[in-house]
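Trainee: I'd like to ask some things about the structure below.
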Amino acid sequence: MSNALKLTVEDNVPFIDFEREFDFPVAEVFRAHRDPELIKQWLGPRGLKMDIDHYDFRTGGSYKYIHTGPDGVAYTFNGVFHTVRENEFAIQTFEFEGYPDVVSIESMTFEDLGNGRCKLIGHSVYPSQEARDGMAQSGMEGGMTEGYERLDELLGSQVRAEAR
C-alpha cells in the first residue's frame, strides 16, 4: 500500500493533525480500531510487543495497554473514550504514563471515500505547547506510519483469507 501519513504540526499551536487514506472500507478500518484482538496486531511501531489490560471502544469506555520493546522497557498508555459513533467518529483521551498529568484529547473521523476506500482524519489537542512539542519530537510520526502500514497489512491479509 502506498498511502502516506500526512502529519501537520503547526508552529505555536498546541495540537497535531493527521490524515491517512486506506484502501479498505470505513467499516473495516473502524473495526480494526474497535476490536482489541486486532488492535494488538497493528497499533504502534514494529518490534514492540503489545499487552492489553482492558480496551472498551464505546462511549464511556476506557483502555489501558502496554508496549514492550525488545530491550524489555515497557511503555504504558491509557485513556477514556468519550464519544464513539459506529463507522463515523471517536473522541478519546490519551496519556503516556511516563509523562503523568499530560493528557491529550483526540478526535478521529472515519470518512468514506467510495469504492471501498476511506480516510482517517485525526486532531490531537495537548495541554501546553511544551507537551505538544514533546509528543511531536517523540518519534510519533514514525510510530504512526509503521502502525498504519501494519494495519494495511492486517486488513489486506484478512481480505486475501476471505477470498480463499
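Coordinate-derived values only; no laboratory data. Worth saying up front: this structure is predicted, and the values here are computed from it rather than measured. In this analysis, Cβ positions are derived from the backbone assuming ideal geometry, glycine residues included, and neighbour counts consider all displayed protein chains.
Trainee: Please rank ILE39, ILE52, fewest neighbouring Cβ atoms within 10 Å first, as an exposure proxy. Could the numbers behind the result be given before it?
Mentor: Numbers: ILE39 20, ILE52 14.
Listed from fewest to most nearby Cβ atoms, that is ILE52, ILE39.
Trainee: In a Debye calculation with equal point scatterers on the alpha-carbon sites of the stretch 97-160 and no solvent, what is log10 I(q)/I(0) at q = 0.19, 0.21 Å⁻¹?
Mentor: -0.90, -1.00
Trainee: Taking the alpha carbon gyration tensor of the chain, what are the square roots of 5 times its eigenvalues, largest first, to the nearest whole Å? Can you show the working numbers first?
Mentor: Details: eigenvalues 117, 69, 52 Å².
In descending order, the three semi-axes are 24, 19, 16 Å.
Trainee: Using only C-alpha positions, report the orientation-averaged shadow area of the convex hull of the stretch 23-82, nm², one decimal. Present the calculation step by step, with values, prior to reporting the outcome.
Mentor: On the way: hull surface 17.9 nm².
Across all orientations, the stretch 23-82 yields a mean hull projection of 4.5 nm².
Trainee: Return the lysines within reach of LYS40: Cα separation strictly under 22 angstrom, same-chain partners fewer than 8 residues apart disregarded; answer none if there are no such residues.
Mentor: Cross-link targets: LYS49, LYS64, LYS119.
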